[in-house]
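Down below is the structure, laid out as structure tokens.
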Amino acid sequence: MMKATALLLAVLVVAFAAGCNATREGGGSGAFRVGMVFDVGGKGDKSFNDSAYRGLLRAADDFGVEHTEFEPGQDADRETGLRKLAQADYDVIIGVGFLFSEAMRKVAVDYPNVSFACVDFDARPDETLPPNLAGLTFREEEGSFLVGVLAAMYTETGRLGFVGGMDIPLIHKFEAGYIAGARYVTPGISTTVAYAGTTPQAFADPAKGKELALLQYGRGVDVIYHASGSTGNGVIEAAKEVNRYAIGVDSNQNYMAPGNVLTSMVKRVDNAVYRIVQSALEGIFEGGLREFGLADDGIAYAVDQYNEDMITDEMIARVEEAKAAIVAGEIIVPKE
Amino acid sequence: MFELAVLDSALRMATPLILTALGGLFSERSGVVNIALEGILLTGAFASIVATYYTGDPWAGAAAGVFAGMLVSLLHAVVSIVFRADQIVSGVAINLLAMGATQFLTWIIWGSSANSPPVAGMAHWALPESWGVLARVVNPVIGHYPPLVYVALGSVALAHVVLFRTPFGLRLRATGEHPEAVDTLGVSVHLMRFSGVLISGALAGLGGAFLALNTHQFVKNMSAGRGFIALAAMIFGKWNPVGALGACLLFGYAEAVQMSLQGRDVPTQFVQMIPYLLTMVALVGVIGRARPPASLGKPY
């Protein structure tokens with residue numbers, strides 16, 4: 001039994017160590033250093049996290065800053081990761097995802113000399129953030145409205161689907177905007193909604209995403225919009241398999257299945273991250289809540305060489321008209 | 001609830017469970033508890049994507065999944081049969097090891113500890129068009145599901161025959177019930193148990209390969225408890241291949257219904273309890289007492 005316990009302990013240590021990998025690039029002291037901690041979907045999700053990572057890489061290229069990424073192995077590793085970076089005197093620390101909100105609040109107060117930014121920050125009503133914490137949010141419902149317009153114009157069966165990741169208000173914004181956009185084109189359009197789960201793991205379950213999408217396609221849905229991190233890779237895979245259509249999210253995902261991805265609702269997390277690093281570098285970093293939307297190109301829909309054959313001029317005209325109306329405040333997009 | 005799309009989904013969801021539960025069956029019938037199935041499933045999933053990534057051939061990926069599953073189960077076999085360690089502890093250790101090691105290796109190979117890049121999946125089976133009428137009749141049947149679904153169903157029949165109609169199966173079952181008797185008759189208990197555990201690794205590894213190849217990528221912890229659910233299905237099916245098949249189909253169906261009921265004015269949180277509720281109800285109400293092999297978990 002002693003042997004077995006020792007074995008178990010050894011394995012636990014290995015598993016824990018492997019669960020928190022941190023890559024370090026560069027190493028000289030004195031340089032400006034940026035740390036990034038990823039969300040559940042993780043680096044390589046081709047969606048949300050990768051968008052943030054692209055911003056970091058661009059900033060590293062342009063400004064020559066050093067950067068480190070940290071992928072939390074377990075939930076509890078999230079705050080630990082932030083603290084580790086803060087203790088190591090990183091200049092800017094970026095948490096990717098609403099899951100960091102609570103940990104960010106705590107850690108930012110403990111390390112007032114470090115600049116923190118949290119993407120998709122989950123602000124409490126009337127909350128004042130510490131001066132070294134920037135909470136970045138996006139008006140996803142606006143972009144979702146636009147892809148809803150495109151979906152409603154493209155569908156042949158008149159049935160649209162939505163696959164969300166975790167069932168939370170943040171993702172409801174995508175759903176609400178999408179449905180509002182679809183109804184803007186076709187008032188009585190049929191929509192089917194499904195969520196992959198109620199835990200953060202729902203953003204990293206492509207097997208589930210594929211089954212949810214196949215079910216909706218099997219019921220006559222022909223365009224599905226996903227807002228589900230790497231779970232959505234399964235949705236796009238399903239679209240390819242049964243030759244229907246999917247709409248990508250966060251990153252431009254059109255290339256993942258040309259001809260089967262109608263468009264993507266692009267959330268420019270990369271730009272937001274880039275600007276944060278830039279402002280910190282120039283010494284003009286400001287804490288507080290910041291919101292990005294259509295008006296400042298923080299949100300967009302993607303047309304490129306992979307989907308230009310699917311998007312007609314008429315569709316572009318309609319979606320641009322809606323975009324102008326949203327920016328002008330003539331259309332108020334619902335969030336719930 | 002009974003539309004074809006839901007039933008299709010149920011069968012696909014059940015497939016990794018079926019293969020893994022059959023695996024558990026061979027191990028436990030030989031007298032070795034195998035809760036390492038979860039880790040074996042995960043390792044099989046990982047290995048299948050690595051092999052497919054480098055060779056471009058998903059069948060090579062499936063073979064790698066089987067091989068990796070056997071390798072991990074060999075570890076379990078050595079620890080629990082040769083060194084006579086506690087089988088539960090060994091299983092837990094292997095599960096944790098698999099979780100950490102697959103993430104670590106994903107990071108080494110692809111620079112992210114969470115996701116692999118997409119790889120080719122298995123093409124559905126189909127006769128060439130030139131076969132004419134035959135192809136038109138047969139293809140909708142053999143091409144309706146991913147190929148490994150048929151392999152899983154075939155494995156159930158094969159497992160039944162091997163366990164109950166061959167001398168090997170008789171010896172394996174006897175080893176799980178009364179190893180002393182087997183030993184007295186000159187059959188090696190260790191050999192039988194090694195066979196049982198290795199077969200279990202091969203099947204669970206293949207289950208993992210299906211899981212990963214069907215989604216065309218590896219994601220960390222993608223087994224997500226399926227190994228344990230398969231274990232429950234095996235017990236639920238009273239350590240019988242056909243019973244286990246039934247239990248896996250039931251679990252798969254509950255999962256599919258859960259997914260299909262969403263968005264119909266029932267709260268998601270409630271709907272997602274259905275598979276587990278069904279499990280509890282079934283365990284309490286339907287099967288009565290399940291009797292495990294008499295020498296299960298006892299080192300020899």
Any chance residue A:320 is surrounded by fewer than 18 Cβ atoms within 10 Å (Cβ to Cβ) and either among the basic types (Lys, Arg) or in a helix (DSSP H, G or I) (or both): yes
Residues (within 11 Å of another protein chain (Cβ to nearest Cβ), hydrophobic (A, V, I, L, M, F, W, C) and assigned to a helix (DSSP H, G or I)) located in segment A:180-207: A:202, A:203, A:207
Given (1) among the aliphatic types (A, V, I, L, M); (2) in contact (Cβ under 8 Å) with a residue 40 or more places away in the chain; (3) within 14 Å of chain A (Cβ to nearest Cβ), index of the condition residue B:159 fails: (3)
Single residue of B:82, B:66, B:72, B:78 found to be under 22 Å from residue B:224 (Cα atoms), among the hydrophobic types (A, V, I, L, M, F, W, C) and within 13 Å of another protein chain (Cβ to nearest Cβ): B:72
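Could you say which residue among A:280, A:295 is within 30 Å of residue A:124 (Cα to Cα), among the small types (Gly, Ala, Ser) and within 22 Å of the chain's Cα centre (by Cα)?
On the way: A:280 fails: within 22 Å of the chain's Cα centre (by Cα).
Selected residue: A:295, the only one of A:280, A:295 that is within 30 Å of residue A:124 (Cα to Cα), among the small types (Gly, Ala, Ser) and within 22 Å of the chain's Cα centre (by Cα).
More than 9 Å from every other protein chain (Cβ to nearest Cβ), on the phi > 0 side of the Ramachandran plot and in contact (Cβ under 8 Å) with a residue 24 or more places away in the chain: does that describe residue B:225?
Details: more than 9 Å from every other protein chain (Cβ to nearest Cβ): yes; on the phi > 0 side of the Ramachandran plot: yes; in contact (Cβ under 8 Å) with a residue 24 or more places away in the chain: yes.
Taking the combined requirement at face value, the residue satisfies it.
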Pair list, Cβ under 8 Å, 6 or more apart: segment A:69-90 residue away from chain B (no Cβ under 12 Å), other residue buried (at least 24 other Cβ atoms within 10 Å of the Cβ) and polar (S, T, N, Q): none
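A quick yes/no check of all residues on (1) closer than 19 Å to residue B:8 by Cα; (2) at pLDDT below 90; (3) in contact with a strand residue (DSSP E or B) (Cβ under 8 Å, 6 or more places away or on another chain); (4) assigned to a loop (DSSP other than H, G, I, E, B):
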residue	(1), (2), (3), (4)
B:207	yes, no, no, no
B:222	no, no, no, yes
B:234	no, no, no, no
B:260	yes, yes, no, no
B:269	no, yes, no, no
Helices (runs of 4 or more DSSP H) contained entirely in segment B:132-191, each with at least 2 residues that are within 23 Å of the chain's Cα centre (by Cα): B:147-165, B:167-177
Search result, residues across segment B:87-143 that are more than 7 Å from chain A (Cβ to nearest Cβ), in contact (Cβ under 8 Å) with a residue 40 or more places away in the chain and of a type in the set (Val, Ile, Thr): B:88, B:94, B:102, B:106, B:109, B:119
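The values are calculated or read from the model by the stated rules, or taken from the named source; none is laboratory data. Please read these numbers as outputs of a predicted model, since none were measured by experiment. All Cβ positions, glycine included, derive from the backbone under ideal geometry; neighbour counts span all protein chains shown.
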